[in-house]
Amino acid sequence: MLISKVKNLLRNCPVCECKKGEVLHAQSFLLAESIFLPESYDVVSCVVCGFVFADTKAKQKDYDIYYQDSSKYESGITSLGSGVTEHDHKRLEDTAKTISNFFPNKSFSILDVGSANGGLLSEMKKLNYTSLSGLDPSPACVSYMSEIGIEGVLGGLFTDNNNLYKKFDGVLLTHVLEHIYDVRVAIANVLNFLKDDGILYLEVPDSSKYKDFFISPFYFFDIEHINHFDQDSLTNLFSLFGGNILDIGQKDMPISKYGFIPAVYIVFQKNKNKANQKIKQSLVSKDSILKHIKESTVSIYSPEVDDLVISKAPVIVWGAGQATQRSLQNTPLGDTNILFFVDNDKKKQGIFLKSKEVFPPDKIKENGRAIIIICSGLHGNEIKEQIKSMDLKNKVLLVT
Ligand SMILES: [Zn+2]
């Protein structure tokens, strides 16, 4: 039984700026030793508007530094944004098609903010859009975009974007706002990239549907996703700015070969009218998130992992991402006899978790008798296939 607990917030409600929130869950992480974000936060629901978010003690500048240092989006194989894998390609293709409904003019100048490697813009290009630019803080992403014929501009939502010499007909902000600490400043800055009647297409995960998409315990709470939007909170947020909501809707988004997550999008046309500033309370996401917490709590126990803690049998953990970082802290996984970690993501190789190094998967070949524990919210089944293809004889246990 959850006991309702209202507290004074470290972080004001990103939507209505209220200073009080109800604690729904306390989330902690075991972070790689090179990461300087807080190792825990409360998931809270604003007592005024109901918005659910991470009450983190970090500030926007801390997240800016984190993304500069550990831009996982540069690595195409394991991350979103580049259009490399099949499901990723499908997701970007779908998004480009949705966007094209709102931008009928193919010569519209379009800026993708937080464009990563330009995966979405490449799909827009295939739909015959001719004036495409991508804004990203990673120099590697910017130079990659120029290589594939898209104008790459170095910058971000909170930098002086002197490199941007013009205003745009359309701006895209997809799967960025859930990462942002200063949400209202971010939207003001994004609208500033637009011409006076320009159109913003914004897409984020849809927290009102988390309850229908169980992927792994506490999947939706990670160090990066610190805001949980739905149609109601986006409507509240955009009521603070002058313009009209042209459309708002829900979609399912492929995130791995086997899984989907729910997303919500809003299409907002800027104008010079005064904002109506209508904040209405909505508890839809709070209810959905409480269900996700309940389901997570029930499913977090793995008797096989408990047995490994007792037997002290040597294990190799495959996956050094968010699922592992949560599980090391919140489940018995952290008490097993871990020899080392492996991960396909080159950016994760070489880092240390619990003083054990992350290696490329080939390292497992030296340890034929250790048990492989797969800990990955999204790629568990793909990793199983990879293990098969590597002809490894180790016993395999999938925990998420
Ligand atoms: Zn609020």
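The values are calculated or read from the model by the stated rules, or taken from the named source; none is laboratory data. As the structure is a prediction and not an experimental result, all values here were calculated from the model. Cβ placement follows ideal geometry from the backbone for every residue including glycine, while neighbour counts extend to all protein chains displayed.
Hey, could you check the stretch 295-316 for residues that are among the β-branched types (Val, Ile, Thr) and surrounded by 20 or more Cβ atoms within 10 Å (Cβ to Cβ) and say which is modelled with the lowest pLDDT? So the residue we want is Val305. Looking only at residues in the stretch 35-58 that are of a type in the set (Val, Ile, Thr) and modelled with pLDDT of 95 or more, the one that is farthest from the ligand (Cβ to nearest atom) is Thr56. Just name the residue that is nearest to Thr85 (Cα to Cα) out of those in the stretch 241-291 that are modelled with pLDDT under 95 and assigned to a strand (DSSP E or B). Ranking the candidates gives Pro254 first. Within the stretch 1-34, the set of residues being modelled with pLDDT under 95 and among the basic types (Lys, Arg) comprises just one member, Lys5. Among the candidates Lys346, Lys365, the residue that is part of a loop (DSSP other than H, G, I, E, B) and modelled with pLDDT under 95 is uniquely Lys346.
For the stretch 348-370, taking the residues that are aliphatic (A, V, I, L, M) and more than 21 Å from Gln329 (Cβ to Cβ), the one that is farthest from the chain's Cα centre (by Cα) is identified as Ala370. Scanning the stretch 134-174 for residues that are part of a helix (DSSP H, G or I) and among the aromatic types (Phe, Trp, Tyr) gives a single hit, Tyr144. Reported count of residues in the stretch 18-34, each being within 15 Å of the ligand (Cβ to nearest atom) and touching a residue at least 12 places away in the same chain (Cβ under 8 Å), is 6. Going by the structure shown, is Gly319 on the phi > 0 side of the Ramachandran plot and crowded, with 16+ Cβ neighbours inside 10 Å? Against the criterion (on the phi > 0 side of the Ramachandran plot and crowded, with 16+ Cβ neighbours inside 10 Å), Gly319 qualifies. Report yes if Ile187 is assigned by TED's automatic domain parsing to the domain that holds His89, hydrophobic (A, V, I, L, M, F, W, C) and within 16 Å of the ligand (Cβ to nearest atom), otherwise no. Criteria met by Ile187. No other residue among Ser256, Ser239 is out of contact with any strand residue (DSSP E or B) (no Cβ under 8 Å at 6 or more places or on another chain), under 21 Å from Asp182 (Cα atoms) and of a type in the set (S, T, N, Q) apart from Ser239.
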